[in-house]
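These notes concern the structure reproduced below.
The values are calculated or read from the model by the stated rules, or taken from the named source; none is laboratory data. Every value quoted in this text rests on a predicted model; they were computed, and no experiment measured them. Quick reminder, even Gly has a Cβ in these numbers, built from the backbone with ideal geometry, and neighbours come from all protein chains shown.
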Amino acid sequence: MEKTILTNMVMIEDGKGNVVVQDRIKTWKGLAFPGGKVEKGESFVESAIREVKEETGLEVSSLQLCGVKQFQTELDERYIVFLYKTDVYKGTLVSSDEGEVKWIPLNQLKKADTVEDFDQLLEVFQKHSVSELYYEQNQVNVL
């Protein structure tokens, strides 16, 4: 049986063209959307809501599944990221030990210091015709 790691990432929009980004400071460095691992017994949506609260201080709801990102790790585990977006939130941004969080205009992300593959991730978040980002032997496929 294949070992699988389940995670999530959430694009939070303010309705004015801005999104929440986190300047990740651990292994995957650069600007990205908040998110993290799904814990045992937790639904995918519940995990995304919890991770956003832990990393940003915001309480989100009405999450829409945009697609997935997946790849094999160096330990031959399948790593799956469920990609959600929402414009329903309340609270005030608070940074965490995962990195500083802030609002940034969505149209500035292409020029920003984002994490590796973020341009391809944005395609999954924004295009209805794209639902998967898949890595196969060092080749990136957007499907």
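Okay, here's what the table says:
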item: Selected residue [touching a residue at least 12 places away in the same chain (Cβ under 8 Å) and under 30 Å from LYS3 (Cα atoms)] from VAL52, VAL101, VAL94, VAL88; result: VAL52
item: Out of SER96, SER47, sole residue that is more than 19 Å from GLN126 (Cα to Cα) and in contact with a strand residue (DSSP E or B) (Cβ under 6 Å, 6 or more places away or on another chain); result: SER47
item: Single residue of the stretch 18-47 satisfying the filter (modelled with pLDDT under 95, over 13 Å from the mean Cα position of the chain (by Cα) and of a type outside the set (D, E, K, R)) that is nearest to VAL60 (Cα to Cα); result: ILE25
item: Residue count for the stretch 39-69, restricted to those that are within 23 Å of GLU136 (Cβ to Cβ) and crowded, with 16+ Cβ neighbours inside 10 Å; result: 4
item: Any hit, the stretch 121-142, residues being of a type in the set (Asp, Glu), surrounded by 11 or more Cβ atoms within 10 Å (Cβ to Cβ) and modelled with pLDDT under 90; result: no
item: All strands (runs of 3 or more DSSP E) inside the stretch 72-143 with 3 or more residues being under 13 Å from the mean Cα position of the chain (by Cα); result: 78-86
item: Criterion violated by VAL60 - all others in (1) of a type in the set (A, V, I, L, M, F, W, C); (2) touching a residue at least 24 places away in the same chain (Cβ under 8 Å); (3) part of a helix (DSSP H, G or I) satisfied; result: (3)
